[in-house]
Amino acid sequence: QVQLVESGGGLVQPGGSLRLSCVASGSGFSFVAMGWYRQAPGKQRELVATITPGGSRNYAESVKGRFAISSDNAKNTVYLQMNSLKPEDTAVYYCKLVLVTYSTYWGQGTQVTVSS
């Protein structure tokens, strides 16, 4: 059984930075993608960024140039470096893992609040 644990959320002022981490527990699995999604109050969950084991990255237009996704495949960990944060980035951020079997796992979410 795979479990995802996120960390790194919090309260930050506009223009600030945060780094989210997501560790996938378990062993012996191969994945096709890991990524970050977010859900703001009253809105649908949306893609933020994804990364493949080969390093291909995909970003939402709203975060391009501000956010950077990276991974440490040996540690089953994915990171999201968030810079130049805006109030509209406020949301619960979720980590997602898609295995080669296309089984999908989600983390419990971590709150990011951007406010002065």
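The values are calculated or read from the model by the stated rules, or taken from the named source; none is laboratory data. As the structure is a prediction and not an experimental result, all values here were calculated from the model. Please note: Cβ atoms are built from the backbone with ideal geometry, for glycine as well, and neighbour counts cover all protein chains shown. Each accessible area value is taken on the protein alone, full model and side chains, heavy atoms only, with ligands, DNA and RNA left out. Shrake-Rupley method; radii C 1.70, N 1.55, O 1.52, S 1.80 Å.
For the stretch 79-95, a residue qualifies if it is touching a Phe, Trp or Tyr at 6+ places or on another chain (Cβ under 8 Å) and either modelled with pLDDT under 95 or hydroxyl-bearing (Ser, Thr, Tyr) (or both), and the qualifying residues are 93, 94.
Summed over the stretch 42-75, residues that are open to solvent by 40 Å² or more (accessible area, probe 1.4 Å) and over 14 Å from residue 21 (Cα atoms) total 18.
Within this structure, residue 113 passes the test of being among the β-branched types (Val, Ile, Thr), under 19 Å from residue 13 (Cβ atoms) and in a strand (DSSP E or B).
Among the residues examined, residue 38 does not qualify as assigned to a strand (DSSP E or B) and open to solvent by 30 Å² or more (accessible area, probe 1.4 Å). The residue of the stretch 76-102 that is surrounded by the fewest Cβ atoms within 10 Å (Cβ to Cβ), among those that are hydroxyl-bearing (Ser, Thr, Tyr) and either touching a Leu at 6+ places or on another chain (Cβ under 7 Å) or in contact (Cβ under 8 Å) with a residue 24 or more places away in the chain (or both), is 102.
Of all residues in the stretch 6-35, those satisfying the criterion of being under 17 Å from residue 97 (Cα atoms), open to solvent by 50 Å² or more (accessible area, probe 1.4 Å) and under 11 Å from the mean Cα position of the chain (by Cα) are 7, 23. Counting the residues of the stretch 10-36 that are touching a Gly at 6+ places or on another chain (Cβ under 9 Å) and within 15 Å of residue 88 (Cα to Cα) gives 1.
Pairing each residue of the stretch 36-57 that is over 19 Å from residue 85 (Cβ atoms) with any residue that is outside any strand (DSSP E or B) and open to solvent by 40 Å² or more (accessible area, probe 1.4 Å), provided the two are 6+ apart or on different chains, yields C-beta distances under 7 Å for 53/73.
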